[in-house]
Amino acid sequence: MWAGGIMDIFYGRIAEWWPVISPLEEYASEGAEIRRVLHEARPAARSLLELGSGGGHVAFHLKAGLDCLLTDLSPDMLEVSRRLNPECGHLAADMRTLDLDRRFDLVLAHDAIAYMTTEADLRAAFATAYRHLKPGGLALFIPDDVLETFEPGEADAFGGDSPDGRSARAMDWVGELETDGTAMVHYAFLLREADGRMSSMAESHRVGVFARKDWELWLAEEGFAVETVQERTDEDRTPRFFFLGTRPRD
């Protein structure tokens, strides 16, 4: 899905720009909400596995008091995260096939879960989360959209300025829902080096869009006790659904 594929620019060639393109401070509110949900559900949790951790910006706001293992397909994004979260473990792995001899109190799959474009992919990620949870442990899945909230044509602009003199501006544009239940998200990047040199590039990512009822059904069929809540946010967007799955106690 990543290596040699259509996402080589964002998660490969310009991965080192991630802290400039998507500044850490932009994740503070979101991280606080995820931490609130996890803490209220499992206040005694001490370990967390993240599937699709990217540059580690979400983990940065969650890691206090937790033994964290962060996994992602992109070695370049993991290197960015290592610099930000040196106290966390890091592992290059596919969320569909990861199989460790270890169980965790918590498993988190944030927006990277959107790259599961088929039912089989999504179920495989659910199975990975389930087998890595301790009995009574909690998995939290946070897709950007479900079918009921998906809005084609949405466009967002983002970016930032780094203390080292670099600047980045980016935009994403959400395409139409296709007949196979996927959509393309188109990205454009404008990067300014500290010496003023400019570069621009673009690429497109395919994401899966599934109905809320399918998320809940497939999680239950993978063995989870399922609860769905909507996030609390003051951002100007539709609140996302948080899918919580508990692995029953043996």
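Please treat every number below as a calculation from the coordinates, not as lab data. Here the structure is a predicted model, which means the values were calculated and not measured. A quick note on method: Cβ atoms are made from the backbone with ideal geometry, for glycine too, and the neighbour counts reach across all protein chains shown.
Brief remarks follow.
- Where only C-alpha atoms are counted, convex hull volume of the range 110-250 per residue in Å³: 140 Å³
- Model label zone, F158; criterion: amide N under 19 Å from point 7 Å along Cα-to-beta-carbon; scope the range 101-134: 108-116
- Label zone (D250, point 7 Å along Cα-to-C-beta; backbone nitrogen cut-off 17 Å) within the range 127-145: 130-138.
- When each of the peptides 214-220, 57-63, 106-112 is scored by the mean number of other C-beta atoms lying within 10 Å of its residues, the order from highest to lowest reads 106-112, 57-63, 214-220.
- About its Cα centre, the chain has a charge dipole of approximately 880 debye under the convention of +1 per Lys or Arg Cβ and -1 per Asp or Glu Cβ, with nothing else charged.
- The distance separating the Cα centre of the range 234-248 from that of the range 157-187 comes to 22 Å.
- Cβ-based net charge around I142, under 15 Å, with every Lys or Arg adding one and every Asp or Glu removing one: -4
- Annotation: peptides 228-240, 200-212, ranked by per-residue average of other Cβ atoms within 10 Å with the highest first, follow the order 200-212, 228-240.
- Long-range tail of P(r) for the chain (Cα pairs > 29 Å, %): 27 percent
- Value of Rg/Rh across the range 155-207 [Cα atoms, Kirkwood radius]: 1.14
- Among 189-196, 46-53, 152-159, the peptide with the highest mean count of other Cβ atoms within 10 Å heads the list, and the full ranking is 46-53, 189-196, 152-159.
- Centre-to-centre, using Cα atoms only, the range 40-83 and the range 102-132 are separated by 14 Å.
- Sequence-separation-based contact order of the range 155-207, relative, with Cα cut under 8 Å and 6+ spacing, percent: 30 percent
- Least to most buried among Y115, Y11 (fewest other Cβ within 10 Å first): Y115, Y11
- L217 sits among other residues whose Cβ lies under 12 Å from its own Cβ, and their net charge, with Lys and Arg +1 and Asp and Glu -1, is -2.
- Computed [θ] at 222 nm, helices only, for the chain once each DSSP H run of length n ≥ 4 contributes -39500 (n - 2.57): -6500 deg cm²/dmol
- When DSSP beta bridges are restricted to pairs lying wholly in the chain, around 65% turn out antiparallel.
- At R0 = 35 Å, FRET efficiency that the Cβ-Cβ distance of D101 and D214 yields, to 0.05: 0.65
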